[in-house]
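To keep things clear, I will list the structure first and then write my remarks on it.
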Amino acid sequence: MQRIAVIDYGMGNLRSVAKAVEQVAPDDEVVVTNDATMLASADRLICPGQGAAADCMAALNAASLAAQIKDMVGTKPFLGICMGLQVLLTESEENNGVSCINVVPGFVKRFDNPLLDEHQVRLKVPHMGWSKVQQRNNSKMWQGIDDNARFYFAHSYYCEPDDPAQIAAVCHYGHTFAVAVQQKNLFACQFHPEKSANDGLQLLKNFTQWDGEPC
Amino acid sequence: MGLAKRIIPCLDVDAGRVVKGVKFLDIRDAGDPVSVARGYNEAGADEITFLDITASSDQRATMVNVVEQVASEVFIPLTVGGGIREVADVRRMLNAGADKVSINTAAVHNPELVREASDKVGAQCIVVAIDAKAVNAPEEPPRWEIFTHGGRKPTGIDAVEWAVKMAEMGAGELLLTSMDRDGTKVGFDLGVTKAISDAVEIPIIASGGVGNLQHLCDGVEQGGADAVLAASIFHFGEYTVAEAKAYMHERGIEVRL
């Protein structure tokens, strides 16, 4: 039995993430916690998150979690989800600019307004619903998931990592942008695996079994 | 290309049970929310909306339990509406496992609630439900107004202007119900759907009036809806969600198959 910790910084739907992980890893211990000792003792970490960048970073900093995440990334398998991806980058342009944890160099940008498709038709923002996720690496995180499978998104900001080699998947909505990044044993996605039906559960299952090797 | 149009079954929940209203009068018990939601998930629903129609406030807590139970077993997005009056109500539902919370009458009485909630939990979690009714005389150009209390109370507020205001205040999505069409099975009010969809940047869910699968296509193609919501055609087994998706797909609408 291993311990999987869902990092609790008071932002977002932690319960759904924990329940989805329990579903795919019934023999593991899933804890929702902000306790430093508990996080340090966990075998795997999941950082979810919802809400505005400024509030998320403020909550992470207030609980000294930003520093802990920075220290722990690389030491054990780490999964970031939605804001849990965006906070890993260097800076977000949300809320007039927010400094983030900076373990994945790059920026978080807002979709253009208006966001137009190739026929100059306006697209809705937030990007909300099920979009095709095009895999860009052969990570073990994609095992059992078809290329271009649909995952559930709900976001107005997207990530632009400095190093294109870290992009694990892209999506096309107005333009092509990164929706998953991977850096050694860190994997983080813009979409919500805990809300993406069977393919989402498969990705979470892959994470619970991931040895942290890139591919 | 890319983003699928969503099909959203809507479930009315009264004191913890799913109910089906038949011709607005007879309320029939249709079962346990978890098993109904599970069935819709298996049929390919892209999202599920729960509308709490519990009349008595002391049974409101029941809805939190319903959301917790469903969110523990059904891993697709859940929207919850009905009885949301303050930010604490929004938080309670999100913490229970809802992904989005729908605010209706409370937004009309206190528009600042939308801004406050959106600032706290993020626009992507806030749906504003708009109940609109045509108010123009037959010879006049079309105009719609907002009604509250299930379409009984006029507010004098123009529906398109209201939609723009709600988007500005931080709604992440609008659930638009035509009170003229609700329960009629003659199709969405495509005029108001298109007018609002064109006026705002955020996604629109069309609701009210679905009687067949072509109506769903019309909502997307003519109404400009990003998602279509229906209750009775799915509840009474006239069509399955899978059939609806196959029909839309055959007509060239991008859906999640």
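The values are calculated or read from the model by the stated rules, or taken from the named source; none is laboratory data. All of these numbers come straight from a predicted model, not from anything done at the bench. Glycine also receives a Cβ, built like all others from the backbone with ideal geometry; neighbour counts cover every protein chain displayed. With ligands, DNA and RNA removed, areas are computed over all heavy atoms of the protein, side chains included. Shrake-Rupley method; radii C 1.70, N 1.55, O 1.52, S 1.80 Å.
Listing for the model above:
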quantity: Conditions (1) away from chain B (no Cβ under 14 Å); (2) out of contact with any Leu (no Cβ under 8 Å at 6 or more places or on another chain); (3) buried (at least 24 other Cβ atoms within 10 Å of the Cβ); number of the one not met by A:Tyr152; calculated: (1)
quantity: Condition met for A:Ala59 (assigned to a helix (DSSP H, G or I) and either under 25 Å from A:Tyr152 (Cβ atoms) or within 14 Å of another protein chain (Cβ to nearest Cβ) (or both)); calculated: yes
quantity: Residue check, B:Arg115 modelled with pLDDT of 95 or more, charged (D, E, K, R) and closer than 18 Å to A:Asp55 by Cβ; calculated: yes
quantity: Test for A:Ala42: is it more than 30 Å from B:Arg115 (Cβ to Cβ), modelled with pLDDT of 95 or more, crowded, with 16+ Cβ neighbours inside 10 Å and within 14 Å of chain B (Cβ to nearest Cβ); calculated: no
quantity: Among residues of segment A:19-38, those that are surrounded by fewer than 22 Cβ atoms within 10 Å (Cβ to Cβ) and either in contact with a strand residue (DSSP E or B) (Cβ under 9 Å, 6 or more places away or on another chain) or assigned to a loop (DSSP other than H, G, I, E, B) (or both), counted; calculated: 13
quantity: Odd one out for A:Asp8, checked against (1) open to solvent by 60 Å² or more (accessible area, probe 1.4 Å); (2) touching a strand residue (DSSP E or B) at 6+ places or on another chain (Cβ under 6 Å); calculated: (1)
quantity: Answer residue from segment B:95-115, given it is part of a helix (DSSP H, G or I) and open to solvent by 10 Å² or more (accessible area, probe 1.4 Å) and is nearest to the other protein chains (Cβ to nearest Cβ) among those; calculated: B:Asn95
quantity: Elements of type strands (runs of 3 or more DSSP E) contained in segment A:155-215, each with 3 or more residues being at the interface with chain B (Cβ under 9 Å from one of its Cβ atoms); calculated: A:167-173
quantity: Where B:Ser118 falls short, out of the listed (1) assigned to a helix (DSSP H, G or I); (2) buried (at least 23 other Cβ atoms within 10 Å of the Cβ); (3) touching an Asp or Glu at 6+ places or on another chain (Cβ under 8 Å); calculated: (3)
